[in-house]
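Heads up, the thing below is written out as structure tokens.
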Amino acid sequence: MLLDDFNAAGRAEAAAALRPCLDIERWIEEIVGSRPFDSPEILLQTAGRAAEPFTDAEVEAALAHHPRIGERAAGNSAEARLSQSEQASLGAPDPAVAAAIAAGNRSYEEKFGQVFLIRAAGRSREEILAALNARLAHTPEEEQVVIGQQLREIAVLRLEGLIGA
Ligand code: 2AL
């Protein structure tokens, strides 16, 4: 979808285009209502700041859409395909690193009661493992801030892909 089409689309169509990037209604509404955007850069800047900060409930609902690192999103929805391509960008896993990430995912979920989320695109599996281990030392409050940032980074990258920026 080109920026001109996104600017001209009806509210429902524009919202539907944004939802696979990040399923937080307040975020979607703020962006849809801020149209028209003069450039892709301004759209991406707006998306990176919209609805800041997310509430805990918004984060929890948005997290439910993300498969664990190392696991494939089920189905063929736009969102599942985006996740599959982000995780594919990590390349073939070294078995030891994959096992360490799986163990780290379990420790993370035991400690924080939610899935470990990180913007995968642009990172190696080793970098993800290092981040996972570092984040395991966080308090829940610190982690909530990081998760909000990661959701935004994933959303902005997906949006960049969507409008071909
Ligand atoms: C993901 C995912 O599916 N794509 C991405 O960037 N991060 N999942 C995750 N648990 O971090």
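Points worth noting:
- When the test is whether a residue is within 11 Å of the ligand (Cβ to nearest atom), β-branched (Val, Ile, Thr), under 29 Å from His138 (Cα atoms) and in contact (Cβ under 8 Å) with a residue 40 or more places away in the chain, Ile69 passes it.
- Test: Val115 is within 12 Å of the ligand (Cβ to nearest atom) and touching a His at 6+ places or on another chain (Cβ under 9 Å): yes
- Residue identified as surrounded by 19 or more Cβ atoms within 10 Å (Cβ to Cβ) and either more than 21 Å from Ala64 (Cα to Cα) or modelled with pLDDT of 95 or more (or both) among Arg135, Arg123: Arg135
- Qualifying residue in the stretch 57-72 (condition: loosely packed, with under 14 Cβ neighbours inside 10 Å, basic (Lys, Arg) and part of a helix (DSSP H, G or I)): no
- Ile128 vs. criteria without any contact (Cβ under 8 Å) to a residue 40 or more places away in the chain, farther than 29 Å from Ser39 by Cα, within 15 Å of the ligand (Cβ to nearest atom) and β-branched (Val, Ile, Thr): no
- Taken over the stretch 83-97, the residue count meeting the criterion of being away from the ligand (no atom under 14 Å from the Cβ), over 15 Å from Ile118 (Cβ atoms) and either of a type in the set (Ser, Thr, Tyr) or buried (at least 16 other Cβ atoms within 10 Å of the Cβ) (or both) is 0.
The values are calculated or read from the model by the stated rules, or taken from the named source; none is laboratory data. Computed from a predicted structure; not experimentally measured. Glycine gets a Cβ as well: all are built from the backbone with ideal geometry, and neighbour counts include every protein chain shown.
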